[in-house]
Amino acid sequence: MAAPPNALYSAAQTRQLDHLAIGDYGIPGYELMCRAGHAAFDLIRLRWPAARNYVVFCGAGNNAGDGYVIARLLANVHLSVTVISMIRPEKLQGDAQTAYQAYEATGGPCLQADDCNWQQVIDQADVLIDALLGTGLSRPVDTNWASVIDSINQAGKAVLSVDIPSGLNADTGHKQDTAIVADATLTFIAHKKGLFTADGPDCCGALFLSRLGIPEAVYSALKPEARLASAYTFPKKLFNRVQASHKGSFGHILIAGGNIGMSGAANLAAEAALRSGAGLVSKLTRGSQSTTDFTRMLEIMSCTVDDLETNNPLMKKLTIIGLGPGLGRDAWAKRVFQTSTQSQKPLVLDADALNLLADAPFYYSNWILTPHPQEAARLLACSTQEVQRDRFAAARKIVQQYGGVCVLKGNGTLIQDTHQCYLVNAGNPGMATAGAGDVLTGIISSLWAQCQTAFTAAAYGAWLHARAGDLAAQSGQNGIVASDITDQLKILLP
């Protein structure tokens, strides 16, 4: 079985893959370390061909060993290289000690961070190589190490991180007080899931993977903890349209929200649902306001209600309810929420629908919840910082407590159900704009009606939303508005 191209592993799983390669296939650990060093050397020369002066920062474990291999290879081609070690090299063990001795034999300098003016050494470098802390980090960075990390970040030099930016948690993507912000990161054996979410993408820079020639069969021993969503993840036949199709074949979506002064949110969601292929889209807004405010699409049907009983006939015709855009939290909003959640219809919850759920939690298996980190914190009765500290754990807890599928939005959006997790490695900061979440609600609601599978609709919808945002940002991220995302959907849909 080949290694899945979209597989994301934990740090512990990656170490297990390493051990399997050594134990079951007889590849010496030092051979793998040398392969890692060669891969890094090749990347360095490719990305910075004019560089002549290098500083390699080495820590205490195998990550340091990789650094010493890189330093040896640079020295062997007569480039200027200096190693700054955070520990006495004689304390290194195993393969890392062997790598140090091989570098020492080149005659290259190895300075102790405690005994040298490493700031002066940094100033003379073209490229800094971070081989300080590996994937095993699970606690805040010690003060001395943090000082070195901060100096590297402030130096204004090109930085390559080896395997993972030092200070970044490989499993969660949370940085421990401080972390290297690299121009590029070369990770080994497998992609670690923390590289793609929370602080991971900002710390990694351009991300590269070398599997170090590990046999493909090694990967069959472990199930990845998560997978990357991509255009190839989702079978296009789910959305194929036969010639005998009619508008009823592709679902009737109701967007329920649009309280006083917030009808634009409902309109954005409804427009996105229609652009994502829904056959029919209705929006329910509060009866005391105009139904045509900000509407761009005459194809959207409107229903204004103050007394929800008048809306019951419509409820019977619906396929999916997208609940929350512009909903508010007043008495009217609570009635809409109660009627919708008691309808036994499939639901996509966003915005104030999530806040109302947090006020009175209950479990329902047939919904998709789409919180941003602050809404997730309310659902879990914790802080936003706790959610961001381990986004994977937060998404799992939401599913455990509330059921259905969770789409935890943010840098590296996660899609989680009881069995699997996907991560969206797309999107950009320009999408941090009012109404972008409403567009996502409309997209997911529409796709669910078409493919009839909640997890697929959530994962594909989150990916489609992010990719549409990237297309909208091609002319610049600043100034993107939510409807720009909707306008790109037609290009991406099969």
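The values are calculated or read from the model by the stated rules, or taken from the named source; none is laboratory data. Only a predicted model underlies this, so the values are computations on that prediction, with no experimental measurement involved. Neighbour counts run over all protein chains shown; Cβ positions are idealised from the backbone, glycine included.
Restricting attention to region 48-70, report how many residues are within 15 Å of Ser80 (Cα to Cα) and surrounded by fewer than 22 Cβ atoms within 10 Å (Cβ to Cβ).
6
Looking only at region 457-494, count how many residues are surrounded by fewer than 20 Cβ atoms within 10 Å (Cβ to Cβ) and of a type in the set (A, V, I, L, M).
Total meeting the criteria: 5.
Considering Arg15, Arg45, which residue is free of Cβ contacts under 8 Å to residues at least 24 places away in the same chain and surrounded by fewer than 20 Cβ atoms within 10 Å (Cβ to Cβ)?
Only one candidate qualifies: Arg45.
Is at least one residue of region 474-490 under 16 Å from Asn425 (Cα atoms) and in the same structural domain as Pro429 (by TED's automatic domain parsing)?
No, region 474-490 contains no residue that is under 16 Å from Asn425 (Cα atoms) and in the same structural domain as Pro429 (by TED's automatic domain parsing).
Please determine, by comparing only the residues of region 414-440 that are in contact (Cβ under 8 Å) with a residue 60 or more places away in the chain and of a type in the set (Val, Ile, Thr), which one is nearest to Ala231 (Cα to Cα).
Out of the qualifying residues, it is Val424.
Yes or no, residue by residue, for (1) surrounded by 23 or more Cβ atoms within 10 Å (Cβ to Cβ); (2) charged (D, E, K, R); (3) at pLDDT below 95:
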{"site": "Thr295", "(1), (2), (3)": "no, no, yes"}
{"site": "Asn311", "(1), (2), (3)": "no, no, yes"}
{"site": "Pro325", "(1), (2), (3)": "yes, no, no"}
{"site": "Arg329", "(1), (2), (3)": "no, yes, no"}
{"site": "Trp332", "(1), (2), (3)": "no, no, yes"}
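Let me confirm something: among Asn76, Asn117, which residue is surrounded by fewer than 16 Cβ atoms within 10 Å (Cβ to Cβ), in the same structural domain as Gly167 (by TED's automatic domain parsing), polar (S, T, N, Q) and modelled with pLDDT of 95 or more?
Exactly one of Asn76, Asn117 is surrounded by fewer than 16 Cβ atoms within 10 Å (Cβ to Cβ), in the same structural domain as Gly167 (by TED's automatic domain parsing), polar (S, T, N, Q) and modelled with pLDDT of 95 or more, namely Asn76.
Among what's in region 85-95 and is surrounded by 16 or more Cβ atoms within 10 Å (Cβ to Cβ) and touching a residue at least 40 places away in the same chain (Cβ under 8 Å), pick the residue that is farthest from Trp145 (Cα to Cα). Steps first, answer last, please.
Initially, region 85-95 is screened for residues surrounded by 16 or more Cβ atoms within 10 Å (Cβ to Cβ), giving 85-86, 89, 92, 95.
With touching a residue at least 40 places away in the same chain (Cβ under 8 Å) added as a condition, the list becomes 86, 95.
Details: Met86: 8, Asp95: 23 Å.
Taking the candidates together, the pick is Asp95.
Can you tell me which of Gln374, Gln338, Gln388 is in a helix (DSSP H, G or I) and in contact with a Ser or Thr (Cβ under 7 Å, 6 or more places away or on another chain)?
Gln374
Look through region 347-393, keep the residues that are surrounded by fewer than 24 Cβ atoms within 10 Å (Cβ to Cβ) and small (Gly, Ala, Ser), and return whichever of them is nearest to Val424 (Cα to Cα).
Ala393
Would you mention how many residues in region 68-98 are polar (S, T, N, Q) and assigned to a strand (DSSP E or B)? It would help to see each step written out before you state the result.
We begin by selecting, within region 68-98, every residue polar (S, T, N, Q); these are 76, 80, 82, 85, 93, 97-98.
Next, only the ones that are assigned to a strand (DSSP E or B) stay: 80, 82, 85.
Of the residues in region 68-98, 3 are polar (S, T, N, Q) and assigned to a strand (DSSP E or B).
When you check Ala231 against the structure, is it part of a loop (DSSP other than H, G, I, E, B), within 30 Å of the chain's Cα centre (by Cα) and not assigned by TED's automatic domain parsing to the domain that holds Leu464, yes or no?
Details: part of a loop (DSSP other than H, G, I, E, B): yes; within 30 Å of the chain's Cα centre (by Cα): yes; not assigned by TED's automatic domain parsing to the domain that holds Leu464: yes.
Taking the combined requirement at face value, the residue satisfies it.
Can you tell me how many residues in region 133-171 are without any contact (Cβ under 8 Å) to a residue 12 or more places away in the chain and buried (at least 24 other Cβ atoms within 10 Å of the Cβ)?
0
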